[in-house]
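Student: Below is one structure. I have some questions about it.
The values are calculated or read from the model by the stated rules, or taken from the named source; none is laboratory data. Just so you know, these numbers come straight off a predicted model, no measurement behind them. Glycine gets a Cβ as well: all are built from the backbone with ideal geometry, and neighbour counts include every protein chain shown. For accessibility, only protein heavy atoms count, side chains too; no ligands or nucleic acids. Shrake-Rupley method; radii C 1.70, N 1.55, O 1.52, S 1.80 Å.
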Amino acid sequence: MSTIFDDIESEVQSYARAFPIVFNRAKGSWLYDEQGKDYLDFLAGAGTLNYGHNNEHLKAALLEYIQEDGITHGLDLHTTAKQKFLHAFNDKVLKPRNLNYMVQFTGPTGTNAVEAALKIARNVKGRSNIIAFTNGFHGVSLGAMAATGNSHHRDAAGIALTGVTHVPFDGYMNQDIDSIVLLKAMIEDTSSGLDKPAGVIVETIQGEGGLNVARKEWLQELEKLCRKHDMLLIVDDIQAGCGRSGRFFSFEESGIKPDIVTLSKSLSGYGLPFAVTLIKPEYDTWKPGEHNGTFRGNNHAFITAAKALEHYWSDDKFQNEVQMKIRQLSTRLQRIAKNYDAKLMTAKGRGFMQGIEFKSGELANRICREAFTRGLIIETSGSEGQVVKCLCPLTITPEELDQGLTILEQSIAAVLLVELSVAS
Ligand code: PLP
């Protein structure tokens with residue numbers, strides 16, 4: 001029997017195809033379908049629910065705000081809710097890290113924040129070319145998509161995607177080829193064909209691109225290159241930020257200080273649409289209203305974001321707990337992968353962005369489908385969808401994390417047993 005989703009929802013659906021049921025409730029690390037079956041959520045809104053579904057602390061703050069008829073939609077007006085967010089962001093995130101940024105409220109999705117970042121870099125430097133990296137993912141609006149590597153998305157543009165040069169990410173071929181040396185040579189060779197870039201956009205851990213990790217030395221060299229050649233360094237922390245790497249910003253361990261940072265996904269902490277572009281004060285050269293948008297004032301998101309920062313980032317407790325669970329995740333994934341030939345699978349990633357790379361996207365996909373039948377929501381990433389990615393809420397309990405990883409381990413074993421018996 002066809003459903004209303006089959007009848008009138010566009011073919012563009014993606015996650016819904018992998019999990020073809022109707023969900024109706026969610027709490028913490030769990031999703032529930034209409035039949036009441038529970039699923040551990042290792043997708044977490046593609047990294048949007050770092051504090052879990054319907055987090056009690058955030059929910060209470062939001063309900064209280066709504067009850068008092070607090071402003072919902074505020075354009076870019078100054079409101080009490082925005083004031084709260086800016087105070088919390090300044091006090092809990094920027095000041096303790098000795099970071100000095102102006103906060104630009106962009107349209108509420110990640111791709112909006114990336115568009116603003118690219119625009120400001122180009123306008124500040126008066127050049128159009130931007131360096132982006134192989135397997136980078138920055139969104140699907142035209143400017144951000146020009147910086148995105150994936151041909152599945154690029155092919156849908158219907159127009160030339162210009163103004164970006166892609167170069168190899170760290171370890172693209174192997175760790176012996178230093179792609180910063182290559183980029184440096186191309187910039188310094190006046191005959192390389194590379195137009196002098198205004199800036200560089202990079203993810204420190206490529207989420208959609210397959211959990212590829214930039215080494216901290218590589219990031220440091222990239223920063224040096226930007227300084228030497230007058231290019232702005234943009235870190236796209238939309239997926240790896242807000243604690244997912246184990247620290248608030250994913251670049252903290254490397255010690256680099258990007259000129260521009262994009263944040264979205266888990267910034268509201270509650271799954272409410274919200275994005276910002278952080279700009280070093282000297283580059284905040286926008287004229288009033290030059291980069292506009294009706295939905296730059298999601299005040300509900302300001303309330304939950306402020307609460308999340310106050311509750312989880314006032315001291316190191318949450319961060320330390322997250323790092324313990326990251327170690328648990330690494331150890332377990334390494335152990336699972338070690339049971340098999342390295343040609344078949346390897347564990348990879350950093351922080352709470354880890355997973356297992358399989359020899360093919362087809363195999364990774366079958367494992368995710370098997371996991372779903374066993375009550376685990378988990379998805380793939382990478383150019384061929386070959387990487388199974390654990391993107392659990394950071395608030396997951398160690399027991400739930402273990403439970404999900406056991407389902408993953410059993411799913412791998414079940415799928416490989418079928419594969420091996422077919423082969424023999
Ligand atoms: N940048 C990164 C690193 C992302 O992972 C994503 C989404 O996955 C985006 C940008 C685009 O964000 P959105 O889908 O909210 O437009």
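Student: Can you tell me the order of 387-397, 59-69 when each peptide is scored by its average per-residue count of other Cβ atoms within 10 angstrom, highest first?
Tutor: Top to bottom by mean Cβ count within 10 Å: 387-397, 59-69.
Student: For the chain, what proportion of DSSP beta bridges, expressed in % and rounded to the nearest 5, is antiparallel?
Tutor: Working: 32 of 47 bridges.
In the chain, DSSP labels about 70 percent of beta bridges as antiparallel.
Student: Right, next: Count the lysine pairs in the stretch 76-181 whose Cα atoms sit under 22 Å apart, keeping only pairs 8 or more residues apart in sequence or on different chains. Present the calculation step by step, with values, prior to reporting the outcome.
Tutor: Details: LYS82/LYS92; LYS82/LYS95; LYS84/LYS92; LYS84/LYS95.
Value for the stretch 76-181: 4.
Student: To the nearest 10 square angstrom, what accessible area does TRP313 show with a 1.4 Å probe?
Tutor: The value for TRP313 is about 20 Å².
Student: To continue, here is another question. Pull up the cross-link candidates among the aspartates and glutamates for LYS348, meaning alpha carbon to alpha carbon under 16 Å and not fewer than 8 places away within one chain.
Tutor: ASP170, GLU203, GLU208, GLU357, GLU379, GLU384, GLU409
Student: Could you size up the charge dipole of the chain around its Cα centre, putting +1 on the beta carbon of Lys and Arg and -1 on that of Asp and Glu, and report it in debye to the nearest 20?
Tutor: Details: 44 positive and 51 negative charges, 161 e Å.
So the dipole magnitude of the chain works out to roughly 780 debye.
Student: Here is a further query. Mind checking which lysines have their Cα closer than 27 Å to the Cα of LYS37? Skip sequence neighbours fewer than 8 apart in that chain.
Tutor: Result set, ordered by chain and number: LYS27, LYS59, LYS265, LYS325, LYS389.
Student: Counting only Cα, what are the radius of gyration and maximum Cα-Cα distance Dmax of the stretch 1-58, in Å?
Tutor: 13.1, 41
Student: Can I ask one more? What number comes out for accessible area per residue over the chain if the probe is 1.4 Å? Units Å², please.
Tutor: On the way: 19200 Å² over 424 residues.
Spelled out: the 1.4 Å probe surface of the chain, per residue, equals 45 Å².
Student: Continuing with the same structure: Got the relative contact order for the chain handy, in percent, Cα pairs under 8 Å and 6 or more residues apart?
Tutor: Numbers: 804 pairs, mean separation 97.3, N = 424.
Relative contact order comes out at 23 percent.
Student: Follow-up. Taking one equal scatterer on every alpha-carbon of the chain, how large is log10 of I(q)/I(0) by Debye at q = 0.08, 0.14 1/Å?
Tutor: Here log10 of I(q) over I(0) equals -0.44, -1.39.
Student: At 1.4 Å probe size, what's the solvent-accessible area of LYS359? Round to the nearest 10 Å².
Tutor: Number for this one is 120 Å².
Student: While we're here: Largest first, what is the accessible-area ranking of TYR39, TYR32 with a 1.4 Å probe?
Tutor: TYR32, TYR39
Student: So for the stretch 115-259, averaging the separation of alpha carbon pairs under 8 Å that are six or more residues apart and normalising by length, what relative contact order in percent results? If you can, show how the numbers build up before the last one.
Tutor: Working: 234 pairs, mean separation 33.4, N = 145.
About 23 percent, as a whole number.
Student: If I build a Gaussian network model for the chain, linking alpha-carbon pairs within less than 10 angstrom, which residue out of MET345, MET173, MET186 has the largest mean-square fluctuation?
Tutor: MET173
Student: With the full set of protein chains in place, find how many percent of the accessible area of the stretch 58-312 is carbon and sulfur; take the probe as 1.4 Å.
Tutor: Reported share for carbon and sulfur atoms: 51 percent.
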